[in-house]
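> First the structure, which I've put down as structure tokens, then a few questions once you've had a look.
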């Protein structure tokens, strides 16, 4: 769902990302690219190999594109559910758009999640009336 489909306005009000869409690590092209990067570039500030950074960037590009399917313009809105504890890692959060990362809420239970989503949509309805 990361490319080619637009669900603007009332066509899409929720994006649910279950897990993280990492590309196939056994792909020969990806392995070659990662090897090349690891051989020719230094580790980043956190000590990650450049090939691993590239791999994570490919994943997060797909996440950001998927989010963008439902939020198409400045006045559009959607709730975004990132269902994987890895989204809480600072290295992953840092690859989300700032306007998303700043409002992220970590929820460990279903009930509070539903309440937060309900409150989000109630707030949107009241601003539209």
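> Condition check: in a helix (DSSP H, G or I), in contact with a helix residue (DSSP H, G or I) (Cβ under 8 Å, 6 or more places away or on another chain), surrounded by 11 or more Cβ atoms within 10 Å (Cβ to Cβ) and at negative phi. Does residue 33 satisfy that?
On the way: in a helix (DSSP H, G or I): yes; in contact with a helix residue (DSSP H, G or I) (Cβ under 8 Å, 6 or more places away or on another chain): yes; surrounded by 11 or more Cβ atoms within 10 Å (Cβ to Cβ): yes; at negative phi: yes.
When the stated conditions are applied, residue 33 passes them.
> While we're on this one: Need the failing condition index for residue 77 against (1) touching a residue at least 24 places away in the same chain (Cβ under 8 Å); (2) under 28 Å from residue 36 (Cβ atoms), just the number.
Failed condition: (2).
> Of these, 116, 101, which one is free of Cβ contacts under 8 Å to residues at least 24 places away in the same chain, within 18 Å of residue 17 (Cα to Cα) and loosely packed, with under 14 Cβ neighbours inside 10 Å? Working first, answer last.
On the way: 101 fails: loosely packed, with under 14 Cβ neighbours inside 10 Å.
One residue alone meets the criteria, 116.
> Output the residue which, of all residues in segment 15-30 that are surrounded by 13 or more Cβ atoms within 10 Å (Cβ to Cβ) and touching a strand residue (DSSP E or B) at 6+ places or on another chain (Cβ under 9 Å), is modelled with the lowest pLDDT.
15
> So, one more: Among the residues of segment 41-64, is any surrounded by 13 or more Cβ atoms within 10 Å (Cβ to Cβ), at pLDDT 85 or above, under 22 Å from residue 117 (Cβ atoms) and out of contact with any strand residue (DSSP E or B) (no Cβ under 7 Å at 6 or more places or on another chain)?
Scanning segment 41-64 turns up at least one residue that is surrounded by 13 or more Cβ atoms within 10 Å (Cβ to Cβ), at pLDDT 85 or above, under 22 Å from residue 117 (Cβ atoms) and out of contact with any strand residue (DSSP E or B) (no Cβ under 7 Å at 6 or more places or on another chain).
> Then there's this: For segment 65-97, name all the residues that are assigned to a loop (DSSP other than H, G, I, E, B) and touching a strand residue (DSSP E or B) at 6+ places or on another chain (Cβ under 9 Å).
To start, the set of residues in segment 65-97 that are assigned to a loop (DSSP other than H, G, I, E, B) comprises 71-78, 84, 89, 94-97.
Hits for segment 65-97 are 71, 78, 84, 96.
The values are calculated or read from the model by the stated rules, or taken from the named source; none is laboratory data. Because the structure is predicted, anything quoted here is derived from the model rather than measured. Heads up, the Cβs are rebuilt from the backbone with ideal geometry, glycines too, and the neighbour counts pull from every protein chain shown.
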